[in-house]
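Let me begin by presenting the structure, written as structure tokens, before commenting on it.
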Amino acid sequence: MYFEGAELVLECQTLYGDFLKTEKFTESSSLLKWYGDHEGGLHKMYVAEITNAWINE
């Protein structure tokens, strides 16, 4: 399933997923710049293997 207007579609198999952790940021300025007080929580990060790719010409 993909958007009709997509130019590139990647099919992936998820290998790992976890929420970002404030104590793991190596540069606190990035944490402040992108998350501020991070009251809404941090993003979930995924590591995935690309299993297929399609180009819509």
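The values are calculated or read from the model by the stated rules, or taken from the named source; none is laboratory data. Because the structure is predicted, anything quoted here is derived from the model rather than measured. So basically every Cβ, Gly included, is an ideal-geometry build from the backbone, and we count neighbours across all protein chains shown. Just so you know, the surface numbers come from the protein's heavy atoms only, side chains and all, with ligands and any DNA or RNA stripped out. Shrake-Rupley method; radii C 1.70, N 1.55, O 1.52, S 1.80 Å.
For residue 3 and residue 33, what does the FRET efficiency come to when R0 = 30 Å and r is the distance between their Cβ atoms, rounded to the nearest 0.05? Between residue 3 and residue 33 the formula returns 0.50.
Short-range pairs are left out: with C-alpha atoms under 8 Å and at least six residues apart, the relative contact order of the chain is 59 percent. Of the accessible area of the chain, computed with a 1.4 Å probe over protein heavy atoms only, carbon and sulfur atoms account for 54 percent. Per residue, the chain exposes 95 Å² of accessible surface when a 1.4 Å probe is rolled over the protein heavy atoms with every protein chain present.
Multiplying the residue separation of residue 51 and residue 24 by 0.36 nm and removing their Cα-Cα distance gives an extension gain of 6.8 nm.
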